[in-house]
Amino acid sequence: MENHTRRIIQTGLFAALVVVLGFLFAEVPNVELMTLSVFLSGVILGRRNGVIVGTISIVFYSLFNPYGPPLPPLFAAQILGFALVGWTGGMLRRLLMERGRASYLFSALAGLLLTLIYDSLTTIATAAVALGTDGLAGNIAGFFLAGALFIAVHSLSNTIVFAVAAVPVLRAVAAWEGGRSA
């Protein structure tokens, strides 16, 4: 029972951290720590809890965003994207924890790919809102082109953040968990 309660508390704390980090960096375009935090929640807490953290955190962040809540298709894309980030963190746990210096490269690649997937989902959802599903196929390239600079900045910043921060945070957590009395 104690481990179950601990896991619930950890999941809630991670979700709260993600939301706070989202608001902390809200004024900085396309630079954020939410994706990394959701990813780390999946690595540390497992796939299921990573999905829960990703889902809860983006729901709260999006609904209480100072710029207003997103339209339903965009909201769904955000939820799907962050759930995928948490799940992927859980899937890559062993790879990141056992690869030494290569973990930094794997972390950077995870940050890049997850950001590109998230940005693709949200760009498609935005285009669907603007164009409707009938006009989507022929005009979606224009939406990607219009957002290319933002996607590039977001992808580059998350690649750097993942490369620099993921492995040291995971090592610190592993050291703390190893030294903690049960």
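The values are calculated or read from the model by the stated rules, or taken from the named source; none is laboratory data. Note that this is a predicted model, so its numbers are computed, not measured. Neighbour counts run over all protein chains shown; Cβ positions are idealised from the backbone, glycine included. Just the protein is used for accessible areas: all its heavy atoms, side chains included, with ligands, DNA and RNA removed. Shrake-Rupley method; radii C 1.70, N 1.55, O 1.52, S 1.80 Å.
General observations
- The listed residues are L145, L121, and the only one of them that is in a helix (DSSP H, G or I), open to solvent by 30 Å² or more (accessible area, probe 1.4 Å) and either within 28 Å of F60 (Cα to Cα) or at pLDDT 95 or above (or both) turns out to be L121.
- Conditions (1) in contact with a helix residue (DSSP H, G or I) (Cβ under 7 Å, 6 or more places away or on another chain); (2) within 21 Å of N30 (Cα to Cα): number failed by A146: (1)
- Region 52-82, residues that are surrounded by fewer than 20 Cβ atoms within 10 Å (Cβ to Cβ) and under 10 Å from V38 (Cβ atoms): T55
- Considering T122, T126, T35, T115, the condition of being polar (S, T, N, Q) and in contact with a His (Cβ under 6 Å, 6 or more places away or on another chain) is satisfied by T115 alone.
- Helices (runs of 4 or more DSSP H) completely within region 17-118 that count 2 or more residues being in contact with an Asp or Glu (Cβ under 7 Å, 6 or more places away or on another chain) and within 21 Å of V173 (Cβ to Cβ): none
- L96 being in contact with a Ser or Thr (Cβ under 9 Å, 6 or more places away or on another chain) and surrounded by 19 or more Cβ atoms within 10 Å (Cβ to Cβ): yes
- Of the set (1) open to solvent by 30 Å² or more (accessible area, probe 1.4 Å); (2) under 16 Å from the mean Cα position of the chain (by Cα); (3) polar (S, T, N, Q), all apply to S107 but (1).
- Checking V18, V31 one by one, the residue that is open to solvent by 40 Å² or more (accessible area, probe 1.4 Å), in contact with a helix residue (DSSP H, G or I) (Cβ under 6 Å, 6 or more places away or on another chain) and of a type in the set (A, V, I, L, M) is V31 and no other.
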